[in-house]
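J.: Below you'll find the structure I mean.
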Amino acid sequence: MAIYGHAFPNYRSGLSQRGCSIAVLCIHDSFIIQHDKEPELRRILDQTTHQVTKDRIGHDIKNERISHRGKVTGNIKGYEEPVDVEYHTPIHIKPTRQYLNRKAEFNKWLKLQEMS
């Protein structure tokens with residue numbers, strides 16, 4: 001699950017470190033967390049944003065996903081025998097033209113680095 005907001009980019013990574021007792025992976029302007037921890041992260045984001053900016057900012061939750069069911073087995077306690085579990089994968093988001101252009105430029109740069 002990712003949470004996107006409209007606060008200042010450098011500042012956002014600090015939000016997850018203030019009073020947060022859950023594992024948070026900050027990527028650009030997103031937070032990747034356990035799905036069941038969303039309410040806690042949302043509360044922390046709201047409180048911390050208000051403390052620093054004296055304003056409230058709406059958070060856009062990007063939790064659209066595809067649900068699957070499958071058998072899981074392994075060397076983890078409780079999974080020695082196949083267990084039917086539900087798991088989720090993110091929806092595919094079509095890349096924008098701007099993203100594709102930046103990616104092409106980056107790939108050109110990589111090729112130039114290999115040549116030199």
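J.: How large, in Å, is region 65-115 by the Kirkwood hydrodynamic radius built from its alpha-carbon pairs? Write out the running numbers ahead of the final one.
T.: On the way: mean 1/r = 0.0673 Å⁻¹.
Hydrodynamic radius (Kirkwood, Cα only) of region 65-115 equals 14.9 Å.
J.: In whole Hz, what ³J(HN,Hα) sequence does region 36-46 give by Karplus (6.51, -1.76, 1.60; θ = phi - 60°), x for Gly and Pro?
T.: 6, 9, 3, x, 5, 5, 4, 4, 5, 4, 4
J.: List 40, 114, 80 from most exposed to least, where exposure is judged by having the fewest other Cβ atoms within 10 Å.
T.: With the fewest neighbours first, 40, 114, 80 line up as 114, 80, 40.
J.: Using 0.36 nm per residue, how much length does the chain from residue 81 to residue 94 gain when fully extended, once their Cα-Cα distance is taken away?
T.: Working: separation 13, 0.36 × 13 = 4.68 nm, distance 3.82 nm.
Extra length available between residue 81 and residue 94 comes to 0.9 nm.
J.: May I pose another question? Could the peptides 47-56, 93-102 be put in order, highest first, of the mean number of other beta-carbon atoms found within 10 Å of their residues?
T.: Working: 47-56: 12.7, 93-102: 9.5.
Those peptides, ordered most packed to least, come out 47-56, 93-102.
J.: For labels at residue 40 and residue 64 in the simple 7 Å Cα→Cβ model, what's the distance in nm?
T.: The answer from the label model is 2.9 nm.
J.: Further question on the same structure: Please arrange 21, 30, 116 by counting, for each residue, the other beta carbons lying within 10 Å of its beta carbon, fewest first.
T.: Numbers: 21 8, 30 15, 116 4.
Taking fewest neighbouring Cβ atoms as first place, the list is 116, 21, 30.
J.: Still on this structure, please answer the following. Given a Förster distance of 30 angstrom, what is the FRET efficiency for residue 110 paired with residue 27, based on the Cβ-Cβ distance and rounded to 0.05? Working shown, then result.
T.: Numbers: r = 21 Å, r/R0 = 0.70.
About 0.90, to the nearest 0.05.
J.: Need the list of aspartates and glutamates near residue 71 for cross-linking: C-alpha distance under 15 angstrom, and skip anything on the same chain fewer than eight residues off.
T.: Residue 71 reaches 80, 81, 84, 86.
Throughout, read-outs are computed from the coordinates displayed, never taken from laboratory work. Every value quoted in this text rests on a predicted model; they were computed, and no experiment measured them. Here Cβ is always computed from backbone atoms with ideal geometry, including for glycine, and neighbour counts include all displayed protein chains.
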